[in-house]
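Here, each number is a calculation from the coordinates, and none is a lab measurement. On a predicted model such as this, the values are computed, not experimentally measured, just so you know. Ideal geometry is used to build each Cβ from the backbone, glycine not excepted, and the neighbour counts take in all protein chains shown.
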Amino acid sequence: MIHLHQPQVGQEELAAVAEVFDSKWLGHGPRTEAFEAAFAEHLQVDAEHVVFLNSGTAGLFLAVESLDLTEGDEVVLPSPSFVAAANAVVAGGGRPVFCDVDPRTLNPTAEHIEAALTDRTRAVLVLHYGGSPGDITRIAELCRHRDITLIEDAACSVASTVDGRPVGTFGDFAMWSFDAMKVMVCGDGGMLYARDPDAAARARRLAYHGLAQPTGFGYAQVSSRWWELDVPEVGRRDIGNDLTAAIGAVQLRRLPELVARRREITELYDRELADLADLSDLLTPPPLPAGHTSTYYFYWVQMPPDIRDDVANELRAAGIYTTFRYAPLHKVPAYGAGELSLPGAEHAADRTLCLPLHPGLDDADVHTVAAALRKSVEALLHR
Ligand SMILES: *Cc1c(COP(=O)(O)O)cnc(C)c1O
């Protein structure tokens, strides 16, 4: 089976884990702090802005919780978002309001966002589809202008930039995911960024039971009763640990190499599928605008809706796993969007398929996928 995603972990990650075992310190500790510092440097920000968590989803929940939403407050998000984004809005007491996207990039433009704003909008929550930064510069301007908080779900875009500036730093909050399917992995893990250091400090507190002060060993140096509790606000337990941080630190060092191979695979798919794209039988991902770099998280193709499902099933039968991300959330009854119609998101949802993309693929695998896709598309188009 050629998989859609596959984590790239090896001897270096194993050695880092062995070192944590030897230290007998598995919980939140020096490796967590080192990973946070390294990730902050990667973002070109100070370490006080970032918090290492046990998932990207925890980052979404903490970011929305930081808004202190009240009944009727709205958060605008593109309909093709990951399900956790809408869950975070609802759990945080808000109403998710879904906006449309460009049918080719699956990213919203500032105009799509603006069309969904009301006087109850408190925040906008956008991802960068497939790693492409999208219209983030203009969306950030719009949010600043309207005094609305911008949260970036940067789970797809850990290495994406616009004019050299890392995505995730355009808004007020951002999170990244290092789950097993992401570009860099640590088992399960996530990073939260907050532009306001006080918001980062509050998120750090909420992520560890709401405790204002640690109650552990280290705190014994400054308090004679280090076991006493100070809980200004109730919290949860969302923090990461030194085992996952140690893996994350190695993966972050390897990130340029991992992204470079993803880019090569993307370019190879583009070349392999160019003639089909010329005939408009199969659309390949739109080119990146000048000044944008991508993490190349997805390679998505688009085809007539009457053949898409059959193509996916034929490829699966041939040992090639494909899927569609992200199924439109305005169609999920639990989020209460009713009969809302979003033509761009629906157009994309009927036509798009994400192909296998990870550095474990060699050129022959990419050729196998492209050839099987070509065969299936051509046969089904002319049936
Ligand atoms: C993976 C992912 C998440 C959730 O991250 P976890 O670490 O799995 O909780 C959120 N948003 C997007 C876009 C993702 O791809």
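Quick notes on this structure:
- Rounded Å value of the spacing that divides the Cα centres of the stretch 316-364 and the stretch 133-172: 23 Å
- Phi-derived couplings, Karplus 6.51 cos²θ - 1.76 cosθ + 1.60 at θ = phi - 60°, listed residue by residue for the stretch 48-55: 5, 8, 10, 9, 7, 10, 8, 6 Hz, with x used for Gly and Pro.
- Equivalent ellipsoid semi-axes, the stretch 174-326, via Cα gyration tensor eigenvalues times 5, rooted, Å: 46, 17, 15
- Only one residue of Asn313, Leu279, His292 has its Cα farthest out toward the positive end of the dipole of the stretch 256-381, where Lys and Arg carry +1 and Asp and Glu -1 on Cβ, and that residue is His292.
- Placing R0 at 41 angstrom, the Cβ-Cβ distance between Asp275 and Ala115 gives a FRET efficiency of 0.65 after rounding to 0.05.
- Förster-model FRET efficiency, 30 Å R0, Trp25 and Asp196, C-beta, rounded to 0.05: 0.45
- Other residues with beta-carbon under 15 Å from the beta-carbon of Pro30 carry, at +1 per Lys or Arg and -1 per Asp or Glu, a net charge of -3.
- Contact order for the chain, expressed relative to its length and based on alpha carbon pairs under 8 Å spaced 6+ residues apart, stands at 23 percent.
- Order by protection proxy (mean Cβ within 10 Å, highest first), peptides 217-229, 278-290, 166-178: 166-178, 278-290, 217-229
- Within-12-Å neighbourhood charge of Ala199 [Cβ basis; K, R +1; D, E -1]: -2
- Dipole check for the chain: with +1 at the C-beta of Lys and Arg, -1 at the C-beta of Asp and Glu, and the Cα centre as origin, the magnitude is about 440 Debye.
- The stretch 56-101, relative contact order [Cα under 8 Å, separation at least 6], %: 47 percent
- Cβ-Cβ FRET estimate between Leu381 and Glu257, R0 fixed at 30 Å, reported to 0.05: 0.20
- Stokes-Einstein D in µm²/s, Kirkwood radius over Cα pairs - the stretch 256-381 at 10 °C with 1.306 mPa s viscosity: 101 µm²/s
- By the rule of a C-alpha distance below 19 Å, with chain neighbours fewer than 8 residues away ignored, the aspartates and glutamates paired with Lys331 are Glu74, Asp100, Asp102, Asp309, Glu339, Glu346, Asp350.
- Summing Lys and Arg as +1 and Asp and Glu as -1 over all other residues whose Cβ lies under 9 Å from the Cβ of Val97 gives a net charge of +1.
- Scoring 255-267, 84-96, 48-60 by mean Cβ neighbours within 10 Å over their residues and listing the highest first yields 48-60, 84-96, 255-267.
- Under 5 Å, built H, 5+ apart or other chain: amide partners of Asp238: Tyr208, His209
- Globularity ratio of the chain, using Cα Rg and 2.2 N^0.38 Å: 1.02
- Rounded to the nearest 20 debye, the dipole magnitude of the stretch 256-381 is 380 debye, with +1 charges on Lys and Arg beta carbons, -1 on Asp and Glu beta carbons, and the Cα centre as origin.
- Averaging the Cα positions of each part gives two centres, and for the stretch 206-245 and the stretch 16-54 these lie 16 Å apart.
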